[in-house]
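**Student:** Before we start, here is the structure in question, set down as structure tokens.
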Amino acid sequence: MPAPAFCVKNMITENKPLRIFYREAEKNDHSQIREFIELVDSEFYPPLSQRPGGIEERIENSLVKPDANFLMAEGISNSGFGSGADSGLGTETGKGTGIETFPQPDRPAGPDRIAGLISYEKQWEGENNAYISFVAVNPGFRNMGLASELINLLEEQMRSEGMERMYVCTWSTNRSALALYGKKGFSTARIIEDDRGPLVDTVYLVKDIS
């Protein structure tokens, strides 16, 4: 099921305004998503391209399954909005932010315009469980809170669709991810020791969103 509405958020970075457009992925986004995942592939352990099914199967599973999809964050220009588009929107500078919904603007072209991406699956290993299967931010859009905002928006969407828990998986040496999930209210659910190599555990985390 698609998100209840598109949303846009204004952000301030290095004194320059940036507009981020959040939306659910569509099948024709396949090539953009693939190029984005290839961009960040080496940052995962092991790389997604080296896991069973590789990148292609991961994308297909999220775009084709009725209970799965990607939520995308895209950097967009001012085109496609009326003169009142800025009114009421907050800025993300470490303080409060605001979100308003707008008609869908013109699509930005090129995979470099994907600012961040999160994929999910509903009814994962039990009723009313949601699973985050991928989270990444374009290197050019980092340190702006995009990963946190993607998780917030997905949590809101999953709660509205009746999910009661949200799970995510990472590896034990991924300190930045573990810190982020901790701040978002996730706690450790299960650890598989040495699952990804000597002294590199797989860590499952869960958050009650009911």
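The values are calculated or read from the model by the stated rules, or taken from the named source; none is laboratory data. Quantities reported herein were computed from a predicted structural model and do not represent experimental measurements. Cβ placement follows ideal geometry from the backbone for every residue including glycine, while neighbour counts extend to all protein chains displayed.
**Student:** May I ask you to verify whether E149 is surrounded by fewer than 20 Cβ atoms within 10 Å (Cβ to Cβ) and touching a residue at least 40 places away in the same chain (Cβ under 8 Å)?
**Tutor:** no
**Student:** Residue under question is E164, and the condition is that it be farther than 19 Å from P47 by Cβ, in contact with a strand residue (DSSP E or B) (Cβ under 9 Å, 6 or more places away or on another chain), charged (D, E, K, R) and surrounded by fewer than 21 Cβ atoms within 10 Å (Cβ to Cβ); does it hold? Write out each step before concluding.
**Tutor:** Details: farther than 19 Å from P47 by Cβ: yes; in contact with a strand residue (DSSP E or B) (Cβ under 9 Å, 6 or more places away or on another chain): yes; charged (D, E, K, R): yes; surrounded by fewer than 21 Cβ atoms within 10 Å (Cβ to Cβ): yes.
So E164 passes the test.
**Student:** While we're here: If you check L89 against the conditions, is it modelled with pLDDT of 95 or more and not basic (K, R)?
**Tutor:** no
**Student:** Next question. Tell me, yes or no, whether the range 111-129 has at least one residue that is under 13 Å from the mean Cα position of the chain (by Cα) and either surrounded by fewer than 18 Cβ atoms within 10 Å (Cβ to Cβ) or of a type in the set (S, T, N, Q) (or both).
**Tutor:** Here is the first cut: in the range 111-129, the ones under 13 Å from the mean Cα position of the chain (by Cα) are 114-121.
Narrowing further to those that are either surrounded by fewer than 18 Cβ atoms within 10 Å (Cβ to Cβ) or of a type in the set (S, T, N, Q) (or both): 119.
Among the residues of the range 111-129, at least one is under 13 Å from the mean Cα position of the chain (by Cα) and either surrounded by fewer than 18 Cβ atoms within 10 Å (Cβ to Cβ) or of a type in the set (S, T, N, Q) (or both), which makes the answer yes.
**Student:** Moving on. Would you mention how many residues in the range 42-65 are in a helix (DSSP H, G or I) and either among the basic types (K, R) or touching a strand residue (DSSP E or B) at 6+ places or on another chain (Cβ under 9 Å) (or both)?
**Tutor:** 7
**Student:** Then there is this: Tell me, which residue of the range 151-210 that is of a type in the set (G, A, S) and not in a loop (DSSP other than H, G, I, E, B) is nearest to G126 (Cα to Cα)?
**Tutor:** Ranking the qualifying residues of the range 151-210, first place goes to A189.
**Student:** So which residues in the range 175-210 are in contact (Cβ under 8 Å) with a residue 12 or more places away in the chain, out of contact with any Leu (no Cβ under 9 Å at 6 or more places or on another chain) and of a type in the set (S, T, Y)?
**Tutor:** T202, Y204, S210
**Student:** Right, another one. Name the single residue, out of those in the range 36-73 being within 22 Å of G145 (Cα to Cα) and not hydrophobic (A, V, I, L, M, F, W, C), that is surrounded by the most Cβ atoms within 10 Å (Cβ to Cβ).
**Tutor:** N69
**Student:** Further question on the same structure: Kindly list the number of the only condition in (1) modelled with pLDDT under 50; (2) in contact with a Ser or Thr (Cβ under 9 Å, 6 or more places away or on another chain) that fails for K95.
**Tutor:** With respect to (1) modelled with pLDDT under 50; (2) in contact with a Ser or Thr (Cβ under 9 Å, 6 or more places away or on another chain), K95 is out only on (2).
**Student:** Scan (1) acidic (D, E); (2) modelled with pLDDT of 95 or more; (3) in a strand (DSSP E or B) for the single condition E35 breaks and write down its number.
**Tutor:** If we test E35 against (1) acidic (D, E); (2) modelled with pLDDT of 95 or more; (3) in a strand (DSSP E or B), just (3) comes out false.
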